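All remarks here apply to the structure that follows.
None of the figures in this text is laboratory data; all of them are computed from the coordinates on show. Note that the coordinates shown come from a computational prediction; the quantities given were computed from them, not determined experimentally. Note that each Cβ is placed from the backbone with ideal geometry, even for glycine, and that neighbours are counted across all protein chains shown.
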């Protein structure tokens, strides 16, 4: 009994025939250590209110590596529910749920050319509005949470900065700007 001949794709045959030459032509890109600074700035009209820089150490071309930053707090949010006491009367009971607020940043990097790097940056930020920022009667005195999410892919060189987003808060008119700076470590 004869076995059928399996046909291999021409590309596989060429790689087998050339041996290690195929691997030498397409080497894995060099792993490069980087610092990525993400600065989230808030403005009221043209006046800078806050500027928070976050520094992440990234590794370009490491397929198993991405860098993340998680910074925040759990904030109590009061809730009132009506319960029946032993006398059968309804009484209010105050309890708390907790909501996480803070900043989450994820970053991945790859080499595009000898001196340029592609960065994929994801940002999620949430916070509680202060009493001076929102009309309390509009929300019944309850806490109001704001959130900001952004995702972008950009190409930067060593030492280069780029502002990649600017957005306005619909309640306060405050604008948020995100700047990213890349530094290649030697």
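Brief remarks on what is shown
One line per residue, one yes/no per condition, for (1) in contact (Cβ under 8 Å) with a residue 12 or more places away in the chain; (2) loosely packed, with under 13 Cβ neighbours inside 10 Å; (3) more than 16 Å from the chain's Cα centre (by Cα):
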site	(1), (2), (3)
150	yes, no, no
156	yes, no, yes
159	yes, yes, yes
165	yes, no, no
169	yes, no, yes
179	yes, no, no
186	no, yes, yes
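- Of the set (1) within 18 Å of residue 180 (Cβ to Cβ); (2) surrounded by fewer than 11 Cβ atoms within 10 Å (Cβ to Cβ), all apply to residue 103 but (2).
- Hits in the stretch 64-85 (condition: assigned to a loop (DSSP other than H, G, I, E, B) and touching a strand residue (DSSP E or B) at 6+ places or on another chain (Cβ under 7 Å)): 65, 66, 85
- Qualifying residue in the stretch 161-176 (condition: over 27 Å from residue 45 (Cα atoms) and in contact with a strand residue (DSSP E or B) (Cβ under 9 Å, 6 or more places away or on another chain)): no
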